[in-house]
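S.K.: Here it is, the structure in full.
The values are calculated or read from the model by the stated rules, or taken from the named source; none is laboratory data. Just so it is clear, the model here is predicted, and its values are computed rather than measured. When we count neighbours, we look across all protein chains shown, and the Cβ atoms used for this are built from the backbone with ideal geometry, even at glycine.
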Amino acid sequence: MNKHIVSAIFGCLFFVHGFSQDKNIEEVLIEIEQNNTELKGYKSFIESQQLENRSNNNLPDPQLSGYYLPFGDNATGDYTEYEVSQSFEFPTVYGARSKWNDLKSTQLQTSYAKKRQEILLSAKELLIEIAFLQKQKAIETERKTQSKQVFDQIQELFNKEQIGILDLNKAKIAWIQEQFVVQQIESEIQILLSKLKTLNGGKAIDDSLEAKISLPIEVGKEEGLWQEKLANDPAVQELKAAETASLQKVKLERNKVLPNIALGYNYQGVSSSNYSGFYGGLSIPLWNSKNKVKAAQANYDYQQSNTLLITTSIYTQFQETYNRYELMLKKYNEYRTTMDNLNSEDLLFKAYMLGEYSFMDYYVELQFYRNALDKMLQMEKELELLKAQLLKHQL
C-alpha cells in the first residue's frame, strides 16, 4: 500500500511542456493590431494631420476688388476700377514646405509605429503570462488529481487503523490546497484574457493558445542586436525623424525670408476712356520673419541633443536587459542541468523504502522538488519576457 502512495505522490511531479492550441501568439498579435481601438483612432489622427499639413502649403485665395465712383465732380464720366490678383510666397518656399510636410508625415508614421509596438508588446507579455499560467495549470491539475488519489489511499489506511487522524488531515489539506491553486490560476487567466479583450477592441480571444516557447534560446550578440535595434526600433526612428524634420524647418524658414509676390490684372475706366494692364507687387520681409530662422535653428540643436540623450538612455536600458537575460539564461541552464541529473524521485523512494523517512517527512521533501520545478518554470517565463523586451523592435 505504501508503494502505491509513493507512486501517487510522485505523479504530482509530472511536468507539462505544452498544451492544446488553436492560435499561436503571432496570430493573436495580428488580430489585436487590426482590432485595437487606440491604433484605429491614431490612424485617423495621422490622416487628419497629414491633410492639415498639406493644406498649409496651398496658395492664398485670389482677390477681386473693384471701385465705382459716380459722385463728385465727374465731368469726364463715372470712374470704374477693378483688379484681380493672386499673391503667393516665393516659389522655393513651397518646395521646402512640401519636403517638410513629407518629413512630418514620416514623423507621424514613426510615432504610430512606436504606439503600435507598445500595444503589441503589452499584448505579447500578456500572452506569455497566459501561456505559462496554462502550463502551470496543467501541472497543478495533475497534482490535484494525484493529491486526491493520495488522500483516498490515506483514507483507506486510516479506516484500517494503520495510520492516525493527523496524517489523514494533512493529506486532506494538501488536496484542498491543490484545488485552490487550480482555481486561483483559472481566475488569473480570466483576468489576463479580459485585458487582452480590451486590447483587441472588445473582442474576446480564445484561451486555447499555442505558446511556441522554446528555451533556452540565444538572442544574438549584444553589438549585433543593438545595431539591429538602431535600424528598426520605432523609438529610435521617431527621434531621427524629428531631427530631420527640424533641420528641414530651418531650411523652410530661410526660404520664407524671401519676399512674397503678387500678380494680377487691373482695369481703370472713365467715360469712353479706359486703361488696363498687369499688376505686380513684392512684400518687404522686415518684421514677419524676424528671429524665426534662429528659433528653427535652436529647435534643431535641441533635437540633436535630445536624440543623443534618449538614444543613450535606450542603450543603457538595452544593456541592462541584455545582461539580465544572459545572466538568467546561464543560471537557468545550470539549474535545469542540475534538476535533470538529480534523479530525486529514485533517491527519495529508496530512502523512504529503507525507512529513512516517515511518510510526512517524505512528503515534505517531495514539496521541495515541486517548488524547484515551479521555480524552473518561473525562470522560463522571466526569460521569455526579457527576450520579448530585447526583440520588441521585431514586432
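S.K.: Quick check: anything in the range 290-303 in a loop (DSSP other than H, G, I, E, B) and out of contact with any helix residue (DSSP H, G or I) (no Cβ under 9 Å at 6 or more places or on another chain)? Walk me through it before giving the result.
M.R.: Taking the range 290-303 as the starting set, the residues that turn out to be in a loop (DSSP other than H, G, I, E, B) are 290-291.
Cutting the leftovers down to out of contact with any helix residue (DSSP H, G or I) (no Cβ under 9 Å at 6 or more places or on another chain) gives us 290-291.
Yes, that holds for at least one residue.
S.K.: Another question, if that's okay. Just checking, how many residues over the range 243-278 are hydroxyl-bearing (Ser, Thr, Tyr), at pLDDT 90 or above and over 30 Å from the mean Cα position of the chain (by Cα)?
M.R.: Step one: list which residues in the range 243-278 are hydroxyl-bearing (Ser, Thr, Tyr), which gives 244, 246, 265, 267, 271-273, 275-276.
From the residues that got through so far, the ones that are at pLDDT 90 or above too are 244, 246, 265.
If we keep only those that are over 30 Å from the mean Cα position of the chain (by Cα) too, we end up with 265.
Selection size over the range 243-278: 1.
S.K.: Within the range 335-375, restricting attention to residues that are of a type in the set (Gly, Ala, Ser) and part of a helix (DSSP H, G or I), which residue is modelled with the highest pLDDT? Break it down stepwise before answering.
M.R.: Taking the range 335-375 first, the residues of a type in the set (Gly, Ala, Ser) are 344, 351, 355, 358, 372.
Imposing the further condition that a residue be part of a helix (DSSP H, G or I) reduces the set to 344, 351, 372.
On the way: Ser344: 65, Ala351: 67, Ala372: 83.
Within the range 335-375, the match that is modelled with the highest pLDDT is Ala372.
S.K.: Only one residue in Glu118, Glu125, Glu156, Glu140 is in contact (Cβ under 8 Å) with a residue 60 or more places away in the chain and closer than 30 Å to Thr198 by Cα, so which one is that? Step through it out loud before you land on a result.
M.R.: Numbers: Glu118 fails: in contact (Cβ under 8 Å) with a residue 60 or more places away in the chain; Glu156 fails: closer than 30 Å to Thr198 by Cα; Glu140 fails: in contact (Cβ under 8 Å) with a residue 60 or more places away in the chain.
Glu125 is the lone residue from the list that is in contact (Cβ under 8 Å) with a residue 60 or more places away in the chain and closer than 30 Å to Thr198 by Cα.
S.K.: Quick check on the range 6-26. Is at least one of its residues among the basic types (Lys, Arg) and at pLDDT below 90? Break it down into steps so the answer makes sense when it comes.
M.R.: Of all residues in the range 6-26, those among the basic types (Lys, Arg) come to 23.
Cutting the leftovers down to at pLDDT below 90 gives us 23.
The answer is yes; a qualifying residue exists.
S.K.: Right, next: Does any residue of the range 219-242 turn out to be modelled with pLDDT of 90 or more and within 30 Å of Phe88 (Cα to Cα)?
M.R.: Yes, the conditions are met somewhere in the range 219-242.
S.K.: Next question. Just to be sure I understand the filter: pairs with C-beta atoms under 8 Å, separated by 6 or more residues or on different chains, first member in the range 61-76 and under 20 Å from Asn266 (Cβ atoms), second member loosely packed, with under 10 Cβ neighbours inside 10 Å and at pLDDT 80 or above. Which pairs pass?
M.R.: Thr76/Ser273
S.K.: Now, a different point. Filter the range 65-86 down to residues that are surrounded by 10 or more Cβ atoms within 10 Å (Cβ to Cβ) and part of a loop (DSSP other than H, G, I, E, B) and give me whichever is modelled with the lowest pLDDT.
M.R.: For the range 65-86, the residue satisfying everything is Asn74.
S.K.: Also, quick follow-up: When you go through (1) of a type in the set (Ser, Thr, Tyr); (2) modelled with pLDDT of 85 or more; (3) outside any strand (DSSP E or B) one by one for Ser214, which number turns out not to apply?
M.R.: Of everything listed in (1) of a type in the set (Ser, Thr, Tyr); (2) modelled with pLDDT of 85 or more; (3) outside any strand (DSSP E or B), Ser214 misses just condition (2).
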